[in-house]
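The values are calculated or read from the model by the stated rules, or taken from the named source; none is laboratory data. The shown structure was predicted, so the numbers you read here are calculated from the model rather than taken from an experiment. Here Cβ is always computed from backbone atoms with ideal geometry, including for glycine, and neighbour counts include all displayed protein chains.
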Amino acid sequence: MDYLEWTKDLDTGVNVIDKQHRRIVDYINQLVDATETGDNESISDVFDGLIDYTITHFTFEEGLQEKAGYEFRSAHQRVHKVFIKKLGEYKKDFDDGNVDAVIQVNRMLRNWLINHIKNDDADYVPAVQKMLGTEKKSGWLSRSLGKFFGGSDA
């Protein structure tokens with residue numbers, strides 16, 4: 001299994017969300033490390049941590065969407081629920097002795113996470129940025145201020 005590398009094209013523009021996404025990538029890479037050791041207890045611990053952190057991240061993200069009045073929040077939340085259910089199924093398979101479940105979950109995570117960030121998450125970002133007051137301004141003054149004082153860190 002290969003490591004998943006964070007690339008700039010995965011940045012959403014909402015710093016707190018990007019940090020949480022990077023943490024999920026860290027968990028994916030820890031799963032690779034644990035798998036290479038062959039220590040099923042370590043794999044199980046990382047798996048559990050990944051699931052717990054992902055649930056926490058989704059709850060936070062959905063809260064931001066609600067505060068921002070994001071119109072497709074319910075659909076986004078359903079996607080999250082399906083994903084968590086799938087993670088749980090992989091974890092159960094692993095706990096039942098199917099060590100290949102780790103390879104399958106790694107593959108699924110890599111594809112799903114990248115696609116979800118670039119598509120589903122990118123869709124809600126403008127609403128959240130507007131709510132946070134960090135939306136991109138396009139005027140000359142805003143661009144000039146950005147050059148002199150840097151961008152927002154929301």
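Figures for the structure shown
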| quantity | calculated |
| --- | --- |
| Among the residues listed as 87, 50, 4, 31, the single one being outside any helix (DSSP H, G or I), among the aliphatic types (A, V, I, L, M) and within 20 Å of residue 106 (Cα to Cα) | 4 |
| Residues located in the range 80-106, provided they are touching a residue at least 24 places away in the same chain (Cβ under 8 Å), of a type outside the set (A, V, I, L, M) and loosely packed, with under 14 Cβ neighbours inside 10 Å | 88, 95 |
| Residue in the range 53-73 that is farthest from residue 22 (Cα to Cα), counting only those that are among the hydrophobic types (A, V, I, L, M, F, W, C) and outside any loop (DSSP other than H, G, I, E, B) | 68 |
| One residue from 92, 81 being in a helix (DSSP H, G or I), modelled with pLDDT of 95 or more and over 17 Å from the mean Cα position of the chain (by Cα) | 92 |
| Qualifying residue in the range 13-32 (condition: aromatic (Phe, Trp, Tyr) and within 28 Å of residue 131 (Cα to Cα)) | no |
| Selection from the range 1-36 of residues that are in contact with a helix residue (DSSP H, G or I) (Cβ under 8 Å, 6 or more places away or on another chain) and among the hydroxyl-bearing types (Ser, Thr, Tyr) | 3, 12, 27, 35 |
